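Take a look at the structure below.
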Amino acid sequence: MKLELIIIYFCKYYPYTNELSNSRLTKLVYLADWFSCLLKGKQMSEILWLFNHYGPYVNDVLEEVNKSNYLDVEMDFNFYGSPKYVIKLINENNIFSEEVISQDDKRILDFVISKTKTMHYNSFIDYVYSTYPVSSSQRYNNLNLIDLAQEYKSNSSYI
């Protein structure tokens, strides 16, 4: 699936759009890719994930937003008064029809939303860091989510 469609889906259906900072949105895409690997054996996006100082992070999401005719970055302020950049949906006309996103992918995206929507930022980050790819890898390494999902599923604790 095109990364732009995943971002648009989150911007359209995430209930607290003012929380969709670049950091949170990037990690939502990571979670969608991780759960897709667990369930379908492949990522939704084509992102090559890196476990950097701030967890699973890449510039791909922000770069995709900057290229999009449907998305924009707006400056806002966080709870502490520091600036944050929020990704917003600015044009919903002719974005996608129901056929563009498969039912399986919609279920995964909706699951990511339902699982994370009530989490404050620190709880959200803790949750992302608790996922197997992050908890089992060293910082500054690439995260091959497909291989890590196979490894995780081969572990007897996986249900």
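I need the peptides 122-129, 60-67 ranked by packing, meaning the mean over residues of other C-beta atoms within 10 angstrom, with the highest value on top.
Packing proxy ranking, top to bottom: 60-67, 122-129.
Treating r as the C-beta distance of D76 and K106 and R0 as 25 Å, the FRET efficiency rounds to 0.35. Spacing of the modelled spin labels on S137 and M119, each 7 Å from Cα toward Cβ, amounts to 1.6 nm. Annotation: aspartates and glutamates with alpha-carbon distance below 19 angstrom to K84 (same-chain offsets under eight excluded): E19, D60, E63, E64, D72, E74, D76. Computed across the chain, the Kirkwood hydrodynamic radius from all distinct Cα-Cα pairs reaches 16.1 Å. Once you've got the GNM for the chain with C-alpha springs shorter than 10 Å, pick whichever of L39, L71, L25 has the biggest mean-square fluctuation. Looking only at L39, L71, L25, the largest GNM fluctuation is found for L39. Compared with the dominant principal axis of the Cα atoms in the chain, helix 121-130 is inclined by about 30°.
Bear in mind these aren't lab numbers, they're just calculated from the coordinates by the rules spelled out. Here the structure is a predicted model, which is why all the values come from computation and not from measurement. A quick note on method: Cβ atoms are made from the backbone with ideal geometry, for glycine too, and the neighbour counts reach across all protein chains shown.
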